[in-house]
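Just so it is clear, none of the values below were taken in a lab; they were calculated from the coordinates. Just so we're clear, the structure is a prediction, and the values are computed from it rather than from any experiment. Don't worry about glycine lacking a Cβ; one is built from the backbone with ideal geometry, like all the others, and counts go over all protein chains shown.
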Ligand code: 5GP
């Protein structure tokens, strides 16, 4: 793969605020960052658009793409298939655009050792209670889906330490400032200790 742009991998438990952070960081990047649009077999939520939020496809279509090796990585997340399209990512990187992948930890594990020039970032919430509150407040999912997402959260958090950076999303503006430094500053001095302590509490 040609690598003029960087591949920036974002993962987080559902409800940690990853999507809002990604949206904001792209907004302030002045066209230097783009979000990779994944394919998924999950149904669109209200307000989601095909080709913008995801390529919403059937299981049959997904399996065909899988067989044709069209995915950089793919995974079953919360009972649905999701995959990053190689063609989409390659094209942007060749244009020198940094590409953000919003993927789960299984996807990260598949690509971490295969692609050079990646930066991986794991977003953590301040507490489990806060995570539950955010999932409930956003009102996107049914109670049983929220329960499943919270169960998965613990498993995902166990993988956080294998990412280059762990970022706390307690205060949105602080998190954005830290992310900007990681992505845009050459000499950012990352101090992981506080966030590692919070991670430890989340895992206890
Ligand atoms: P949602 O259904 O809420 O949009 O996404 C659920 C989870 O699937 C999120 O953690 C998101 O990061 C992950 N996800 C979205 N697209 C992909 C993808 O292409 N590959 C992988 N591995 N995970 C994805």
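Can you tell which of 176, 167, 183 is under 14 Å from residue 17 (Cβ atoms) and touching a strand residue (DSSP E or B) at 6+ places or on another chain (Cβ under 7 Å)? Walk me through it before giving the result.
Numbers: 176 fails: touching a strand residue (DSSP E or B) at 6+ places or on another chain (Cβ under 7 Å); 183 fails: under 14 Å from residue 17 (Cβ atoms).
Just one listed residue meets the conditions, 167.
When residues of segment 168-204 are filtered for being under 25 Å from residue 98 (Cα atoms) and surrounded by 12 or more Cβ atoms within 10 Å (Cβ to Cβ), how many remain?
16
Yes/no per residue for (1) buried (at least 16 other Cβ atoms within 10 Å of the Cβ); (2) closer than 23 Å to residue 184 by Cα; (3) more than 9 Å from the ligand (Cβ to nearest atom):
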{"position": "103", "(1), (2), (3)": "yes, yes, no"}
{"position": "106", "(1), (2), (3)": "yes, no, no"}
{"position": "116", "(1), (2), (3)": "no, yes, yes"}
{"position": "121", "(1), (2), (3)": "yes, yes, yes"}
{"position": "127", "(1), (2), (3)": "no, no, yes"}
{"position": "131", "(1), (2), (3)": "yes, no, yes"}
{"position": "139", "(1), (2), (3)": "no, no, yes"}
{"position": "145", "(1), (2), (3)": "no, no, yes"}
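Over 26 Å from residue 151 (Cα atoms) and not in a helix (DSSP H, G or I) - does that describe any residue in segment 13-28? Explain how you work it out, then say what you get.
Just the residues of segment 13-28 that are over 26 Å from residue 151 (Cα atoms), to begin with: 24-28.
Right, trim to not in a helix (DSSP H, G or I) and you get 28.
Among the residues of segment 13-28, at least one is over 26 Å from residue 151 (Cα atoms) and not in a helix (DSSP H, G or I), which makes the answer yes.
If you go through segment 151-160 one residue at a time, do you hit one that is in a helix (DSSP H, G or I), on the phi < 0 side of the Ramachandran plot, surrounded by 14 or more Cβ atoms within 10 Å (Cβ to Cβ) and away from the ligand (no atom under 15 Å from the Cβ)?
If we filter segment 151-160 for residues that are in a helix (DSSP H, G or I), which is where we start, we get 151-157, 160.
Applying the additional criterion that residues be on the phi < 0 side of the Ramachandran plot yields 151-157, 160.
Subset that is surrounded by 14 or more Cβ atoms within 10 Å (Cβ to Cβ): 152-153, 156-157, 160.
Within this subset, residues satisfying the condition of being away from the ligand (no atom under 15 Å from the Cβ) are none.
Within segment 151-160, none of the residues are in a helix (DSSP H, G or I), on the phi < 0 side of the Ramachandran plot, surrounded by 14 or more Cβ atoms within 10 Å (Cβ to Cβ) and away from the ligand (no atom under 15 Å from the Cβ).
Restricting to segment 42-98, what's the tally of residues that are surrounded by 16 or more Cβ atoms within 10 Å (Cβ to Cβ), within 12 Å of the ligand (Cβ to nearest atom), within 18 Å of the chain's Cα centre (by Cα) and not in a helix (DSSP H, G or I)?
Number of matching residues: 15.
With respect to residue 157, is the statement that it is under 27 Å from residue 72 (Cα atoms) and within 16 Å of the chain's Cα centre (by Cα) true? It would help to see each step written out before you state the result.
Working: under 27 Å from residue 72 (Cα atoms): yes; within 16 Å of the chain's Cα centre (by Cα): yes.
Criteria met by residue 157.
Quick one: residue 14 ticks every box in (1) under 27 Å from residue 130 (Cβ atoms); (2) within 10 Å of the ligand (Cβ to nearest atom); (3) touching a strand residue (DSSP E or B) at 6+ places or on another chain (Cβ under 7 Å) except a single one, so which number is it?
(3)
Would you tally the residues in segment 29-41 being more than 9 Å from the ligand (Cβ to nearest atom) and in a strand (DSSP E or B)?
Counting residues in segment 29-41 that are more than 9 Å from the ligand (Cβ to nearest atom) and in a strand (DSSP E or B) gives 3.
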